[in-house]
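Data block below; observations after.
The values are calculated or read from the model by the stated rules, or taken from the named source; none is laboratory data. Note that this is a predicted model, so its numbers are computed, not measured. Glycine also receives a Cβ, built like all others from the backbone with ideal geometry; neighbour counts cover every protein chain displayed. Side chains are part of the model used for accessible areas, which takes the heavy atoms of the whole protein and leaves out ligands, DNA and RNA. Shrake-Rupley method; radii C 1.70, N 1.55, O 1.52, S 1.80 Å.
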Amino acid sequence: MTDILDTETRTGHIKLHGPEGFEGMRKAGRLAAECLDMLTPHVVPGAATGDLDDLAREFILDHGALPACLGYRGYTKTTCISPNHIVCHGIPGERVLREGDIVNIDVTVIVDGYHGDTSRMWGVGAVAPRAKRLVDVTYEALERGLAEVKPGARTGDIGHAIQSYVESMRCSVVRDFCGHGLGKVFHDAPNILHFGQKGSGELLRPGMFFTIEPMVNLGKHPVKLLADGWTAVTRDKSLSAQCEHSVGVTETGYEVFTLSPIGEFKPAIQSA
Ligand code: MF3
Ligand code: CO
Ligand code: CO
């Protein structure tokens, strides 16, 4: 399925894109963000995750785009919906969201061949202070990573900034999943690790596109994969949070392609 949806094939080398690529990513990133904006009023106690996924799929198709995850390596849904101790790749279905849950919804759309990949965290009704704190730490971790993105920096600078901040907040960074290059390919070079050493990894150059998508646990970092082959959960059953942007390296820094046009990349969380 990968080669049907990926209009170019993944290669080892890191692609450098020009103005046309930036234009393509702006459109794809914006639609992905608008899809999550559309879901926000539906992320409430009693909502079934499968119904949220249906809304996302219909929204994407109605906008003349394609859901990148549908059929990707055998995945059968449009979104990944990951509440509480699910780290990532939760499969939407019968599960119903409950008051106090924290939940990540991750969506990737394809517009004119370009992939817009983004995820956010919501609180379902009022959530416990430690859950809200985890979400705050996760968003700040993404910000710290983004702040490193400029020509001449290295991918390890991003990982180092995220890891050192997260650990200073007594949380942990998941090691088993990383950010990735993207563009006309969904998951491309380079890997963007959310931990690591300053000055290590690939050199950033203008025209590179990739995601930053840290997964942060309240407990320890190890994860385990459930029998469905997709759902990753924290081994210690601690809460986990994630947020994701697709970005491009510019001459002076970076451009975020997946900002919410209505300023709701970070949905407000009510405290219990
Ligand atoms: N959107 C996820 C990412 O951030 C990928 C999900 S792949 C799927 O890269 F097949 F699980 F949907
Ligand atoms: Co991604
Ligand atoms: Co994603």
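Averaged over every viewing direction, what's the projected area of the C-alpha convex hull for the range 1-147? Give it in nm², one decimal, please.
For the Cα atoms of the range 1-147, the hull's average projected area reads 9.7 nm².
Determine the principal axes of the Cα atoms in the chain, then give the extent along each, sorted from largest to smallest and rounded to whole angstroms.
45, 44, 37
First measure r as the distance between the Cβ atoms of D112 and T250, then evaluate 1/(1 + (r/R0)^6) with R0 = 25 Å and state the FRET efficiency to the nearest 0.05.
0.75
I'd like to know how the range 101-223 sits against the 2.2 N^0.38 Å rule of thumb: what's its Cα Rg over that expected value?
Details: Rg = 14.8 Å, N = 123, 2.2 N^0.38 = 13.7 Å.
Against the empirical 2.2 N^0.38 Å value, I get 1.08 for the range 101-223.
What number comes out for accessible area per residue over the range 119-272 if the probe is 1.4 Å? Units Å², please.
40 Å²
State the volume of the convex hull built on the alpha-carbon positions of the range 126-185, expressed per residue in Å³ and rounded to an integer.
Cα-based convex hull of the range 126-185, divided per residue, equals 119 Å³.
Could you tally the net charge around R95, taking each other residue with its Cβ under 13 Å from the Cβ of R95, Lys/Arg +1 and Asp/Glu -1?
-3
How many percent of the alpha carbon pairs in the range 83-155 exceed a separation of 21 Å?
On the way: 1145 of 2628 pairs.
The calculated P(r) of the range 83-155 puts 44 percent of pairs beyond 21 Å.
Got a number for carbon plus sulfur as a percent of the chain's accessible area, 1.4 Å probe?
In the chain, the share of accessible area belonging to carbon and sulfur is 52 percent.
Using the per-residue mean of other Cβ atoms lying within 10 Å as a proxy for protection, in what order, highest first, do the peptides 199-205, 16-22 fall? Could you put the intermediate results ahead of the total?
Working: 199-205: 15.1, 16-22: 12.9.
So the order, starting with the most tightly packed, is 199-205, 16-22.
How many percent of DSSP beta bridges within the chain run antiparallel, rounded to 5?
Approximately 95 percent, going by the DSSP bridge assignments.
State whether the range 106-146 is rounded, prolate or oblate according to the following rule on the C-alpha gyration tensor (a ≥ b ≥ c being the square roots of its eigenvalues): a/c under 1.5 gives rounded; otherwise a/b larger than b/c gives prolate, and the remaining case gives oblate. Mind showing how you got there, number by number?
Details: a/c = 6.59, a/b = 1.85, b/c = 3.56.
Taking the square roots of the gyration eigenvalues as a ≥ b ≥ c, the range 106-146 is oblate.
Where Lys and Arg each count +1 and Asp and Glu each count -1, what net charge lies around V124 among other residues with Cβ under 10 Å from its Cβ?
Cβ neighbours under 10 Å give a net charge of -1.
Would any residue of the range 167-181 have its amide N under 18 Å from a label point 7 Å out along Cα→Cβ of K224? List them or say none.
Inside the label zone: 174-177.
According to the Cα gyration tensor, what semi-axes, each the square root of 5 times an eigenvalue, does the equivalent ellipsoid of the range 156-261 have, listed from largest to smallest in whole Å?
Working from the Cα gyration tensor, I get semi-axes of 25, 17, 13 Å.
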